[in-house]
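Trainee: Provided herewith is a single structure, encoded as structure tokens, for subsequent inquiry.
The values are calculated or read from the model by the stated rules, or taken from the named source; none is laboratory data. Please read all numbers here as calculations on a predicted model, not as lab measurements. Cβ sites come from the backbone with ideal geometry, for glycine too, and all protein chains shown count toward neighbours. Accessible surface areas use protein heavy atoms only, side chains included; no ligands, DNA or RNA. Shrake-Rupley method; radii C 1.70, N 1.55, O 1.52, S 1.80 Å.
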Amino acid sequence: MKLWHYALIVFLGGCSYGVLSTFVKLAYAAGFTVSAVTGGQYLSGVVLIWLAVFFTKKKKPTRLQFLKLIVSGIPFGLTGIFYYQALQTLNASLAIVFLFQFVWIGALLEWGFHKKKPTKRKLISIALLLVGSMLAANILFQEHLALSWQGSFWGMLAASSFSTFIFLSGSVEKDTPPVLKSALLCTGGVLTVFIVFPPTFLFDLDVLMGILPYGFALGIFGVVLPPLLFSIGMPHVGPGLGTILTSSELPVVIIMSSLVLGEAISWAQWVGVLIILGGIVYSNARFDSWKKLSLNKADSQNVS
């Protein structure tokens with residue numbers, strides 16, 4: 001594959017996260033609790049990904065590989081836990097802006113661990129993404145935004161754990177088959193979630209049968225696809241560019257809210273979506289290639 005293929009795979013991983021909020025809102029509207037929705041999501045996802053492992057070519061991991069990938073899945077589970085905690089004292093708009101801070105935290109992780117200093121292009125892209133996130137989340141034109149230190153703390157923890165998961169998915173055990181790697185990462189995530197949110201819904205047949213359709217959709221888009229796509233693409237694009245590509249999550253949230261839930265989206269939010277997409281495109285633009293192409297054309301014209 002070419003580099004842009006891997007970039008597209010990571011971009012789609014971010015998009016899959018953006019689908020989640022729509023199904024979560026539908027599940028809450030149906031009367032299910034945070035514990036049931038989160039547990040149903042992770043349990044469905046881990047069952048589905050292990051079924052995929054069963055039907056694919058198997059490569060038994062060593063004990064060390066097994067342990068490293070299980071531990072690397074812990075930030076995957078923590079992200080949802082921290083984010084739900086942030087939502088207890090912050091409104092959804094502020095919480096998602098805090099979560100969006102992962103775009104610059106990922107660049108710091110790459111700089112600190114891989115010694116890759118952010119380029120000017122990457123810094124401009126990050127700035128565009130942060131401005132776009134504030135517009136898309138519609139916090140600039142809202143009155144009475146309640147900002148608590150507890151919510152801010154949990155929001156930054158969510159951003160940090162998400163950045164850590166993205167970093168680890170591209171750095172740990174790169175040679176492990178993506179499906180198996182994803183399954184082990186998901187297992188670490190689901191164990192973490194079940195420690196905080198014990199799966200009591202499993203013992204209530206009505207809740208279990210009711211949550212299954214939502215859990216299946218959330219499991220596909222929130223547990224199966226992101227780790228799998230990140231395991232394929234992140235080792236090639238790196239965590240710095242990877243976090244920028246993953247910011248595709250927020251535009252998908254806005255689009256799904258408009259198309260599926262019928263929510264009114266302001267012009268400022270659409271501008272924010274365009275700025276985010278522009279920041280992603282700018283971070284991946286290959287101006288050098290265009291320059292070379294222009295020079296080659298000019299040379300051919302001079303020769304003729």
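Trainee: Treating only the Cβ atoms of Lys and Arg (+1) and Asp and Glu (-1) as charged, compute the dipole magnitude of the chain about its Cα centre; round to the nearest 20 debye.
Mentor: 1380 debye
Trainee: Probe of 1.4 angstrom, ligands and nucleic acids ignored: what's the accessible area per residue over the stretch 1-88, in square angstrom?
Mentor: Value returned for the stretch 1-88: 53 Å² of accessible area per residue.
Trainee: I would also like to ask the following. Taking all protein chains together and a probe of 1.4 Å, list C186, C15 from the most accessible to the least accessible.
Mentor: Listed by decreasing accessible area, they come as C15, C186.
Trainee: Given a cut-off of 25 Å, name the pairs among K59/K174; K57/K116; K2/K174; K25/K181 whose C-alpha atoms lie farther apart than that in the structure shown. Provide the component values of the computation, followed by the final result.
Mentor: On the way: K59/K174 14 Å; K57/K116 35 Å; K2/K174 17 Å; K25/K181 30 Å.
Pairs exceeding the cut-off: K57/K116; K25/K181.
Trainee: Per 5 Å bin, what percent of the C-alpha pairs of the stretch 162-276 does each bin hold, from zero upward?
Mentor: Percent of pairs per bin, in order: 2, 10, 15, 17, 16, 15, 14, 8, 3, 0.
Trainee: Taking the stretch 1-107, which trypsin sites (Lys or Arg not before Pro) meet the DSSP loop condition and have no more than 14 other C-beta atoms within 10 Å?
Mentor: Details: sites: K2, K25, K57, K58, K59, R63, K68; in loops: K2, K57, K58, K59.
In loop regions of the stretch 1-107 (DSSP not H, G, I, E or B), the sparsely surrounded trypsin sites (Lys or Arg not before Pro) are K2, K57, K58, K59.
Trainee: Can you give the FRET efficiency for L274 and T62, using 1/(1 + (r/R0)^6), R0 = 45 Å, r = Cβ-Cβ distance, to the nearest 0.05?
Mentor: 0.45
Trainee: Could I ask something else about it? Count neighbours as other Cβ atoms within 10 Å of each site's Cβ, and list the chymotrypsin sites (Phe, Trp or Tyr not before Pro) in the stretch 40-85 that are DSSP loop with at most 15 such neighbours.
Mentor: Sites meeting the loop and neighbour criteria: F55.
Trainee: Next up: So, for the stretch 136-282, what is the accessible surface per residue at a probe of 1.4 Å, expressed in square angstrom? Write down the numbers at each step before the final one.
Mentor: On the way: 6150 Å² over 147 residues.
In whole numbers, the stretch 136-282 has 42 Å² accessible per residue.
Trainee: Then there's this: The stretch 57-132 to the stretch 155-214: how many Å between their Cα centroids?
Mentor: Value for the Cα centre distance between the two parts: 14 Å.
Trainee: Tell me, what is a quarter of the convex hull surface for the C-alpha atoms of the stretch 1-134, in nm² with one decimal?
Mentor: The directionally averaged projection comes out at 11.3 nm².
Trainee: Separate question: Give me the angle, in degrees from 0 to 90, between the Cα long axis of helix 225-246 and the longest principal axis of the Cα atoms of the chain, rounded to the nearest 10.
Mentor: 40 degrees
Trainee: What is the extension gain from Q88 to W267, computed as 0.36 nm multiplied by their sequence separation minus the C-alpha to C-alpha distance, in nm to one decimal?
Mentor: Residue separation times 0.36 nm, minus the Cα-Cα distance, leaves 61.6 nm.
Trainee: Could I ask something else about it? By how many nm would the segment from R121 to L140 lengthen if fully extended, with 0.36 nm per residue of separation less the alpha-carbon distance?
Mentor: Answer, rounded to one decimal: 4.3 nm.
Trainee: Let me ask you something else. For helix 249-259, report the angle its Cα long axis makes with the longest principal axis of the Cα atoms of the chain; keep it between 0 and 90° and round to the nearest 10°.
Mentor: 70 degrees
Trainee: Starting from the 7 Å offset along Cα-to-Cβ, what nm value, one decimal, do you get for the label separation of L202 and F55?
Mentor: 2.4 nm
Trainee: Would you be so kind as to identify which of S266, V207, T192 lies farthest towards the positive end of the dipole of the chain, taking Lys and Arg as +1 and Asp and Glu as -1 on Cβ and the Cα centre as origin?
Mentor: T192
Trainee: Now for a separate question. What does the extension gain come out to for S258 and L12, with contour length at 0.36 nm per residue minus their alpha carbon separation?
Mentor: Gain on stretching S258 to L12: 86.6 nm.
Trainee: With unit charges on the beta carbon (Lys/Arg positive, Asp/Glu negative), name the residue among V224, L147, L135 whose Cα is farthest towards the positive pole of the charge dipole of the stretch 134-251.
Mentor: V224
Trainee: Next question, about the same structure. Taking only Cα atoms, what is the 0 to 90° angle, nearest 10, from helix 102-114's long axis to the longest principal axis of the chain?
Mentor: Taking Cα atoms only, the helix is inclined about 70 degrees.
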